[in-house]
Amino acid sequence: MCHTENLNDISKFKEYFDIIFPVTAFILGILADRIIDIFVERKRVSKAGERWIAEIEFYNTPLDNQIEELKKFLIEHRKEKFDTPEVTTIIQLRGDIFKSLDKGDLYKYLLQKFKKREKAIEIGNKINGAVLINEQLAINLENKFYSYQDTCSKHVDYFKLHLQKAMKSFVKLETEVEKINNDPLLGPIDLLFRKYIFPHLAYTGTTDENKTPMELFEIQSEFLIPTIEHLSKFIGDERIEIFSTHISECQQAIIEIRLEKSYLEINIENFIEGFIRVKESLSECLNEIKK
């Protein structure tokens, strides 16, 4: 009797085991897969976060270089001369350097790091805000330089056009005067042309390579302003009406260039401040993460 009961118990155990074991194995399998997935995900997020940190640390150097390059540019830009900046030399930053990184991974990494959602969101938003500002600064900086070049180029062309017309007008006046050196109106202007304009022009027997470069601000101070002051003594003289108009247009073109130059200086100062703020913001975030 006892033997029969034992056999029944064993049989029931086998039945329960056959039912429970597959279910238990299935549940354990799911849990094991889940644990592995969590481990793999944590490792992936950790690597992604470390890449974010590495990129931010690396970006300090280009930021420093860009700030320094802009400061060096301002030193030259503030001098009393007009130069067209070499944009490819001045622009040191790529605004899209962080675009390949996943912002979601950054938040997950910060959540793992701080264990507090509010802190992770705060630091993550601060980093992404600095990154977005940096991207826009880099784009705007490049656009500002190209806009400056384009605008100044138009003013330079306008200056050259009216200088040529002024010269033609003056040559026409010369033909009407027998002894120009003794003419109180044309004599002084002729001397100014010979001293400050002709050396920059190519004549028979010379080549373009032998011309002296024309520095616009120097032309303004040494030729245009003295010429305008001299012409003011002969207001009402119809002979110089056309010539005076072209000289005035030359002067206006250089005034416009000076305005563009001053606007660019203000903009570059703002860009420097912007890049410094980005650098400080990213540095503060790194210090928080590394605590």
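The values are calculated or read from the model by the stated rules, or taken from the named source; none is laboratory data. Model, not experiment: these values are computed from the prediction. Cβ coordinates were reconstructed from backbone atoms using ideal geometry, including for glycine residues, and neighbour counts include every protein chain displayed.
Here are a few things to note about the model shown:
- Hits in segment 217-271 - residues which are within 24 Å of GLU69 (Cα to Cα) and small (Gly, Ala, Ser): SER262
- One residue alone among LYS99, LYS79, LYS108 is more than 13 Å from the chain's Cα centre (by Cα) and surrounded by 15 or more Cβ atoms within 10 Å (Cβ to Cβ), and that residue is LYS108.
- Considering residues of segment 201-217 that are surrounded by fewer than 15 Cβ atoms within 10 Å (Cβ to Cβ) and either part of a helix (DSSP H, G or I) or among the aromatic types (Phe, Trp, Tyr) (or both) only, the residue modelled with the lowest pLDDT: TYR203
- Subset tally (residues that are of a type in the set (Val, Ile, Thr) and under 10 Å from ALA166 (Cα atoms)) for segment 241-259: 3
- Taking segment 70-90 as the range and being modelled with pLDDT of 90 or more and either under 20 Å from GLU273 (Cβ atoms) or in contact with a Gly (Cβ under 8 Å, 6 or more places away or on another chain) (or both) as the test, the residues that pass are LEU70, LYS71, LYS72, PHE73, LEU74, ILE75, GLU76, HIS77, ARG78.
- Close pairs from segment 191-220: first closer than 17 Å to PHE82 by Cα, partner among the hydroxyl-bearing types (Ser, Thr, Tyr) and modelled with pLDDT under 90, Cβ under 6 Å, at least 6 apart: HIS200/THR212
- Selection status of THR61, in a helix (DSSP H, G or I), loosely packed, with under 12 Cβ neighbours inside 10 Å and at pLDDT 85 or above: yes
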